[in-house]
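Structure first, then comments.
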Amino acid sequence: MRRKLLLTVLLLLVLLVSGLVPALGQDQPLVVFVLNPDLEAASVFSAGPEGISALDEIFKSLGAQTQVVNLISPIPAEADVIVLVGPQQRMNILSVARIWAHLARGKHLLLALDPLGYGGNDSENFRSGLLNLVANVYGLITNDSFVVEAGFTKNSIGLLSGAFSMTQPDVVRHPIVAPLIDYDLPVTVWAARSLQVEPIGINSIAIPLLQTHTAYGEVNPDIFLLEDAAPLETNVENDLQGVLNIAGIGQNTFGGSRIAILGDSQMLQNGYGLSSIAGSALPRHIGNVIFAQRLAAWLIGLPESEWPGLPEGQTWIALDGQSADWSADLPVIAEERNQSVPAGMDIQRLIAFQNDSYLYMLAGTIGRPAADTLVEITLDNGLVLDLTSEQVNSVTPLGRQAVLDADLAIGQVLEMRIPLRLIEADAQIESVCLLDNSDPSAPEQQDCTTDTVEITSVTDREPFDLRFYSGPLATVTSIRAVRLSAQPDSTSPAGDSVTVGQVFNVTGRNATSDWLQVRTASAEGWLPASLVIINTDVSLLPIVQS
């Protein structure tokens, strides 16, 4: 063991000395994709689902040159970034030494790995040469784990397409993930492994980028060999628990080299994270595309002012209680001064518009609204919505129910987002009222709009049609047109059409498990179980009486 380590160190020193001075005079950054046949990594030449040609196009769109390298030969000294996505086999000492020499020159690395043992993967473990060096020098420790979300079972993870979940940035606001935080966008991953991030080290800074709060890290690779269909269970003594990092970046403050480690390769592959909506150029997983673009820009050292903007044709409203991102072209409903209520409850203006999935509303008051303001929206179909910054409820004759994908933000103004499935196509808003919710025992004070609120329809799409995506999720696999059914049978009235890859919350099943009850922001209904992939076992879903 010591002899092997000594040989590795000597080889690294030789390579470092032989390649410390990069070529000069290069205007464009050079990105090289590793394509060693023995590593079985994702190919930049493949336009298929497992290929990474879309990632190649992202780097080119940022002004980079790209080429392929084989680690049998030295990495070009002028290369700025090495990209290695989804290797299935472990690197040998020579390959590790070449990558480490590249980093020692102050250059950068993007490495996306999958869980050991899953699908026969035998790539890097945390003790291997490269990951061991990265952990010590950059503070990014790659766990030998499989991220198990609530509801995952040994059956559901048997297919890669069924081992998907959503991750979000919420620990550190780095420029790479800032838009994802602002607009509440997830990044989708398939069969991920987790990372540990040590923020401050000797000559290093590390930052976590993506997290999951609803999973644990299974460390036993034998789970992939067993056929027992029982739900996976946490082993408190061994398995990783708490907030799990799925992606992180590190920088060497001495040499300037940057490294990004992702615990999933599918998030960057053509047919998974970087896929498009069928028949459209729009991305299916817009959070993945934004993440990949900004990560690539960071790796090649572009100034942040030159990073890609947000995709056009989408609704970009950050629910932060500010009105800066609202279009000046939207009609404004003006209200008269109500002297009988405090200025923070007196509605001065109201804006309402809907896209394909949500109704957005902005209420501006004379003074700053109180943080505990209650907004009550009454529709002409009898539905009443009670919104606070903590929870949104729908109130009908059948009772009160939480609306988990609705939201209210209170700041300089009040901003609201309400799923359209609650609102009939021709429904109108009869009134919007602001109430003081701070003291229920005090006399009620409120200000309400005096006229029916006009809702403007816009052609922009919602970036992501699920705002509540914990729990069971399903994606549509049928390549033919499919419509939601009102009831779990093929003769029921058809509802909204759905597209391949569309993501739904799954809320239940029928007694025979051949139909699933699903929901998005814009619609809810039933789909045949044969046309979807679900990330849990159908038998674990509650039976819903139609």
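The values are calculated or read from the model by the stated rules, or taken from the named source; none is laboratory data. Fair warning: this is a prediction, and the values are worked out from it, not measured in the lab. Because the Cβ atoms are built from the backbone with ideal geometry, glycine has one as well, and the counts that use them run over all protein chains shown. These accessible areas exclude ligands, DNA and RNA; they are computed on the full protein's heavy atoms, side chains included. Shrake-Rupley method; radii C 1.70, N 1.55, O 1.52, S 1.80 Å.
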query = Taking amide H positions as placed 1.01 Å from N in the peptide plane, with prolines and chain starts having none, which residues 5 or more places from residue 348, or on another chain, fall under 5 Å of its amide H?
reply = 364, 365, 366
query = What does the charge count near residue 272 come to, summing +1 for each Lys or Arg and -1 for each Asp or Glu among other residues with Cβ under 12 Å from its Cβ?
reply = -2
12 Å beta-carbon shell around residue 313, net charge (K/R +1, D/E -1) = -3
task = Restrict the search to segment 263-353; then list the GluC sites (Glu not before Pro) that DSSP places in a loop and that have at most 15 other Cβ atoms within 10 Å of their Cβ.
result = 312, 336
message = Less than 15 Å Cβ to Cβ from residue 254, Lys/Arg counted +1 and Asp/Glu -1: what total charge do the surrounding residues give?
response = +3
ask   = Quick one: Cα centre-to-centre distance for segment 36-97 and segment 415-480, in angstrom?
value = 45
key: Distant-in-sequence amide H partners of residue 314 (H built 1.01 Å from N, under 5 Å)   = 461
Loop-located GluC sites (Glu not before Pro) in segment 352-439 whose Cβ has at most 10 other Cβ within 10 Å (DSSP) = 390
task = With everything on Cα atoms, drop me the angle between helix 286-299 and the longest principal axis of the chain, reported from 0 to 90° to the nearest 10.
result = 40
task = Divide by every residue of the chain the summed helix terms, -39500 (n - 2.57) for each DSSP H run of at least 4, and state the resulting mean residue ellipticity at 222 nm, rounded to the nearest 500 deg cm²/dmol.
result = -3500 deg cm²/dmol
query = Counting only residues 5 or more places away or on other chains, whose amide H sits under 5 Å from the amide H of residue 69 once H atoms are built in the peptide plane?
reply = 33, 34, 35
task = Work out from phi, with θ = phi - 60° and the Karplus expression 6.51 cos²θ - 1.76 cosθ + 1.60, the ³J(HN,Hα) of each residue of segment 33-44, listed in order in whole Hz, and give x for Gly and Pro.
result = 9, 6, 9, 5, x, 6, 8, 6, 8, 5, 9, 6
Projected-area mean, segment 394-546, by convex hull of Cα positions, square nanometres = 12.4
inquiry  = Quick check: from the Cα gyration tensor, does segment 170-270 come out rounded (a/c under 1.5), prolate or oblate?
reply    = prolate
task = Would you work out the relative contact order for the chain, in percent, from Cα pairs under 8 angstrom that are 6 or more residues apart?
result = 12
ask   = Dipole of the chain (Lys/Arg Cβ +1, Asp/Glu Cβ -1, origin at the Cα centre): which of 180, 45, 243 lies farthest to the positive side?
value = 45
query = From the phi of every residue in segment 388-398, what ³J(HN,Hα) in whole Hz does the Karplus formula 6.51 cos²θ - 1.76 cosθ + 1.60 yield, where θ is phi - 60° and glycine or proline is x?
reply = 10, 5, 9, 7, 10, 10, 9, 10, 10, x, 7
ask   = Just in segment 265-369: which trypsin sites (Lys or Arg not before Pro) are loop by DSSP and have at most 15 other Cβ atoms within 10 Å?
value = 337
request  = Could you go through segment 522-530 in sequence order and give the Karplus-derived ³J(HN,Hα) for each residue, using 6.51 cos²θ - 1.76 cosθ + 1.60 with θ = phi - 60°, rounded to whole Hz, and x for Gly and Pro?
outcome  = 9, 7, 8, x, 10, 10, x, 4, 5
ask   = Pick the calculated Cα extents along the principal axes in Å for this structure from (1) 91, 66, 52; (2) 82, 54, 46; (3) 103, 61, 61?
value = (2)
task = Any chance you could give the angle, 0 to 90 degrees and rounded to 10, that helix 93-104 forms with the longest Cα principal axis of the chain?
result = 70
task = May I ask you to give the percent of accessible area on the chain that is carbon plus sulfur, with a probe radius of 1.4 Å?
result = 51
